[in-house]
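The structure appears below as structure tokens.
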Amino acid sequence: MGYVAVKGGQDAISNAAELVEYYRWRERPQPVDVAQFRPQFRLGIDKVMGEGSLYAPEHAALALQQVEGDVFEAAFILRAYRATLQRRYYSDTINTREMFVQRRISSAFREIPGGQILGPTRDYTQRLLNPSLVQPGLGSIESFLGGFKGRLNPDKLQGVTTFGKVIDLLMAEGIMRRDMYPNEDRRVVDVTREAIKFPVPRSARLQMLARAETGGLMCLGYSSMRGYGDKHGTVGELRVGDVPVRLVDPRGRRRYLGKIKVTETEMIGRVPVKKRGAVPFLSVGYGLCFGQNETKGICMGMLDSALRIPNNQNPANNQEFVLYHTECVEAYGFTNHLKLPHYVTFQAALQNLRDVAHRAETTSPGQPAELAAAAVTLKSRS
Amino acid sequence: MVENTKFKASYNYAFIDESTKKEVRRKILKAVCIPGYQVPYSSPEMPISRGWGTGGLHLTLSLIGQGDVLKVIDQGSDASVNACSLREFVRKMTGCQVTFDTAAATLLQTRHRVPEEILTTKQILVLQVPQPEVLRGVERYEARTRQMHAEADYAKIWVSLYEAYVRYGTMMRGSGYPIRVNGRYIATPSPIPRWDVPNLSMAHCLYLFGAGREKRIHCIPPYTRVEPLAFEDVHFKVEEFEQIRCAASGEDRAFMDEIYDAEGVRKFVVNDSNFLDKLKAGSRPPQRLFMNPE
């Protein structure tokens, strides 16, 4: 079957896969152990879990390693793996007030009850290339750990568990209300079990955003701040830490399953009021994702607010635009499907085009090129 | 001690878990009951990229059983890399029999072609669909297109066909020509060439359309009327391959691929690879041919 170049078939597929392996190993590098990889590529793995929609650090690490670090591919593998697992239970809603907080900041107030806790972050470091990492010595890690632990005060460790929230202060004052959008669709749906329908209930929006691609959310969140929207929220609170997960088993007993690390963001915005004389109040845009992924948390919070105020003039306020186009596995798959052969569809379009050009040539000589060019824009999609 | 089974579980028969397969089958039944209507479904992620045939795979995997014989076609060819990859995946997950022979298959999954050979009552053709919403080109928003379908409000698509006609003298719909199914819903036949569209009407087999990324299933049941959209005085036409013969078999009356050899000389070859093989072997399988109106 050698008459069309792309028809290589099964041999081509296995040869291509082999070539990937060859390029990976031809310099005989030291293979990386998942146990080495997992703590050292933590943030990449967190992203894979978030976008892969499955909290499974080991599986995510394996996926990321398997695909040489491509987050899209790794998330995709995790989603596909997830689809093979039957959904047996729904957990109780996690309560982030129970969080063992590792990091907690608010940009709304200088001081907050419980205090600002910077926690593990690179936010205030200089982004300088660190050549010393080229030759890391185990000795230096040991001495670092020894020095770090030596400075800890074991008496103070007990105190850090959990805190109330910044928005509690605003709620107590009444300037932020619980029923901000009383007419909102609050049904709980499961986007992994059914296709979304528009307008989408808030539960589905939040689920979609939590699984969405970080870069896509950032692009839209940023656009909303930069002038294609009216949202420049304030980070009411951003916290990162471990929360317990529980579920009720078939016998009705509540079971503790373990802890997962999440990033939670509450973006404070203002609800526009339509009625004259009505007092404006504050709203919360909510972001929650697996692991530590603060960009995603913040952008999700902004977009949650934006999606509650539909406005098709701004991409970020447009449900269909935001939710469909930030879905990473779908976007990634479809953009890459352009690599598949399209000769049948192209042939069908080409015939149309030639007809038009031919007709133009016979009726008004001299114009076929322009007509054909205009017709290209009408070429059907596939 | 509790055994660590984290990486030990093997995959379920046909990959997808049973309750999801059941859900997909129920949605298929709904689609059969309302020909041309797009039924939303869960569309779980597959290990194949979105846009590469996941919708087709969902249908194939939820329908396939021990006795099925599978054929996978991509742009007419069994040997195309993506066809190989999908066929191999289904075979690995089910242990089913696979074939290139159109007549021998019970379940056929295809991308952008309907086989030239007439399909029978014993066969199901699963078509992969990139964009199930035929109105998307004239209406951007899903919420509105669903309403338009519900109200059978198809003015916009008729206008778009009319405009294309007055501007170019033809409808300018290469592949994926819009069809009306059973006199009610306007639907996409998936991006098959116009050549294949007449074969959808009053066929013996069941046509299922799966759009994985967009999470929709629609269907043309056997013996259902399918009309390509056309005006009283402007008719639907299929691609014409006049005075063209296949360079490999010498035959005509089939959808042709246009190919160029190393010297840049244009040739045509029958697109349907199994049909071509049978032509080369000297037997022309039964075909339904559509004659363009004068």
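The values are calculated or read from the model by the stated rules, or taken from the named source; none is laboratory data. The structure presented is a predicted model; accordingly, all values stated were derived computationally and were not measured. With ideal geometry, Cβ positions are generated from the backbone for all residues, glycine too; neighbour counts draw on all protein chains shown.
Remark: pairs (first residue in segment B:14-33, facing chain A (nearest Cβ under 10 Å); second residue of a type in the set (A, V, I, L, M); Cβ separation under 6 Å; 6+ apart in sequence or on different chains) = B:Phe15/B:Leu61; B:Phe15/B:Met93; B:Ile16/B:Leu61; B:Lys27/B:Val39; B:Lys27/B:Ile217. Restricted to helices (runs of 4 or more DSSP H) entirely inside segment A:261-362, those with at least 2 residues that are away from every other protein chain (no Cβ under 11 Å) are A:294-307, A:319-325.
Of the residues B:Arg213, B:Arg225, the single one that is touching a Gly at 6+ places or on another chain (Cβ under 8 Å), surrounded by fewer than 16 Cβ atoms within 10 Å (Cβ to Cβ) and of a type in the set (Lys, Arg) is B:Arg225.
Note on segment B:129-143: residues that are modelled with pLDDT of 95 or more and either over 19 Å from B:Ile220 (Cα atoms) or of a type in the set (Ser, Thr, Tyr) (or both) total 0.
Of everything in segment B:182-208 that is in a loop (DSSP other than H, G, I, E, B) and crowded, with 24+ Cβ neighbours inside 10 Å, the residue that is nearest to the other protein chains (Cβ to nearest Cβ) is B:Pro191. Sub-6 Å Cβ pairs linking a first residue in segment B:74-100 that is over 16 Å from B:Leu127 (Cβ atoms) to a second residue that is charged (D, E, K, R) and surrounded by fewer than 22 Cβ atoms within 10 Å (Cβ to Cβ), at least 6 apart or interchain, are B:Ala79/A:Lys7; B:Cys96/B:Asp68; B:Val98/B:Arg91, ordered by first then second residue.
Kindly indicate whether any position in segment B:263-285 is of a type in the set (S, T, N, Q), touching a strand residue (DSSP E or B) at 6+ places or on another chain (Cβ under 6 Å) and within 14 Å of chain A (Cβ to nearest Cβ). Yes, segment B:263-285 has at least one match. Taken over segment B:29-59, the criterion of being farther than 22 Å from B:Leu135 by Cβ and assigned to a loop (DSSP other than H, G, I, E, B) is satisfied by B:Ser42, B:Pro44, B:Glu45, B:Met46, B:Pro47, B:Ile48, B:Ser49, B:Trp52, B:Gly53. Could you please find all residues in segment B:98-130 being crowded, with 20+ Cβ neighbours inside 10 Å, in a loop (DSSP other than H, G, I, E, B), within 14 Å of chain A (Cβ to nearest Cβ) and of a type outside the set (Lys, Arg)? Once the filter is applied, which keeps residues that are crowded, with 20+ Cβ neighbours inside 10 Å, in a loop (DSSP other than H, G, I, E, B), within 14 Å of chain A (Cβ to nearest Cβ) and of a type outside the set (Lys, Arg), segment B:98-130 yields B:His112, B:Val114, B:Pro115, B:Glu116, B:Val129, B:Pro130.
Restricting segment B:37-63 to residues that are touching a helix residue (DSSP H, G or I) at 6+ places or on another chain (Cβ under 9 Å), more than 8 Å from every other protein chain (Cβ to nearest Cβ) and among the small types (Gly, Ala, Ser), the residue that is surrounded by the fewest Cβ atoms within 10 Å (Cβ to Cβ) is B:Ser62.
Residue count for segment B:134-159 satisfying the condition of being within 12 Å of another protein chain (Cβ to nearest Cβ) and either surrounded by 20 or more Cβ atoms within 10 Å (Cβ to Cβ) or assigned to a helix (DSSP H, G or I) (or both): 7. Inspect all residues belonging to segment A:208-225 and state whether any of them is within 21 Å of the chain's Cα centre (by Cα), within 25 Å of A:Gly114 (Cβ to Cβ) and not charged (D, E, K, R). Within segment A:208-225 (the criterion being within 21 Å of the chain's Cα centre (by Cα), within 25 Å of A:Gly114 (Cβ to Cβ) and not charged (D, E, K, R)), the answer is no, since none of the residues qualifies. Taken over segment B:1-36, the criterion of being surrounded by 20 or more Cβ atoms within 10 Å (Cβ to Cβ), of a type in the set (D, E, K, R) and closer than 17 Å to A:Ala80 by Cβ is satisfied by B:Lys21 alone.
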